[in-house]
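Since every read-out is calculated from the coordinates, none of them should be taken as a lab result. Owing to the predicted nature of the structure, the values given are computational and were not obtained by experimental measurement. Heads up, the Cβs are rebuilt from the backbone with ideal geometry, glycines too, and the neighbour counts pull from every protein chain shown.
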Amino acid sequence: MKDTVYLDFMYIFFGGTYAPWPYYFEAIFRILFLFSFTIISIHFLYQKDILEFTSTELIILFAFGTTIGDAILYRSVPLFHCMISVVFTIIAARLIAYITSKSERIEEFVLSKPVLVIKEGILDKEALQKINLSKRQLFFMLRLQGIKHTGEIEYALFETNGRLSIIRLDKAINQGESTIEFKNNTPQ
C-alpha cells in the first residue's frame, strides 16, 4: 500500500501523472481557440453588459463555462463536441427569447417581474425578504443614486437583473428612513 504524502506540490499542481510537454502546448491552443470561439458566440447571442443579464441568460453563460471548461481541461473532450454544444445552447437561448417575446405568460415565468421595495417613501420589508435583500444592501444601492432618505422616492423597483430603478418624487413627502449609516455615529 502506497503511503499518503501530504503537501506534495508536484502532485497538487500536476496531479498523479505528469503530462508530456506537448500536452501544455495543446492546452494553450485549446484555451486560445475556445476563448476566441466563446467571444464570437457571446457576441452573436448578447450585446449587453453583464449586469443587464437575466437569471436565464446567466444560466446559459454558466452552461457555456462548463462546456468550454471541460474541453480545455480534458483531452478526451473533442473541440468539435464543445462547439456543437455551444451552438445548440445559442439556438436554445434564441428560441427561448423568441417564445418569451410572443407570450406574456411564458415571459413572466421565465423572466419574472420587478419587485416594488419602496412605495411613496415607505419601505416594504416583506418584499425585501421575498427577494433576499437586506435593508443595508438596499440603502447602499440608494446611496449610490444620491438618495438620502426614503421620503424622496415615489417608487423603487428591484429589477430582475439585480439593479434598482427609482422614480423620485418632485418634493419629498416626509423625511422617511435615512439611507446614511455610520459606525459609532462617526464617518469611517
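So here's what we get for this one:
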| item | result |
| --- | --- |
| Added length on full extension, which subtracts the Cα-Cα distance from 0.36 nm per residue, LYS148 to ARG168 | 6.0 nm |
| Using alpha-carbon coordinates, inclination of helix 135-144 to the longest axis of the chain, degrees | 90 |
| Sites ARG136 and ILE84 - FRET efficiency at Förster radius 35 Å, r taken between beta-carbons, to 0.05 | 0.15 |
| Proxy reagent accessibility, fewest Cβ within 10 Å first, across ILE40, ILE68 | ILE40, ILE68 |
| Cβ-based charge dipole, the chain, positive-most Cα from PHE62, TYR11, PRO114 | PRO114 |
| Test item: Cα-centred dipole of the chain, Lys/Arg +1 and Asp/Glu -1 on Cβ, debye | 100 |
| Spin-label model distance (nm) - ILE31 vs GLU177, 7 Å beyond Cα toward Cβ | 4.6 |
| Helix 79-102 vs. the chain, principal-axis angle (Cα, 0 to 90°, nearest 10) | 20 |
| Proportion of all alpha-carbon pairs of the chain beyond 22 Å (%) | 65 |
| Burial ordering of LYS130, LYS119, fewest other beta-carbon atoms within 10 Å first | LYS130, LYS119 |
| Sites LEU95 and ASP70, calculated FRET efficiency, Cβ-Cβ separation with R0 30 Å, nearest 0.05 | 0.80 |
| Helix axis angle, 55-73 relative to the chain longest principal axis, alpha carbon, degrees | 20 |
| Most positive-pole-ward Cα, THR179, GLY162, SER36, against dipole of the chain from beta carbon charges | THR179 |
| Nonlocal amide H pairs with TYR155, under 5 Å, H built at 1.01 Å | GLU120, ILE167 |
| Ranking of VAL117, VAL86, VAL5, VAL77 by count of other Cβ atoms within 10 Å, fewest first | VAL5, VAL77, VAL86, VAL117 |
| At R0 = 45 Å, FRET efficiency that the Cβ-Cβ distance of GLU108 and ASP3 yields, to 0.05 | 0.15 |
| Whichever aspartates and glutamates have a C-alpha closer than 12 Å to that of LYS171, once near sequence neighbours (fewer than 8 apart) are set aside | GLU120, GLU152, GLU154 |
| P(r) weight above 15 Å for the range 113-185, C-alpha pairs, percent | 49 |
| Charge dipole magnitude, Cβ of K and R +1, D and E -1 - the range 113-185, Cα centre, debye nearest 20 | 240 |
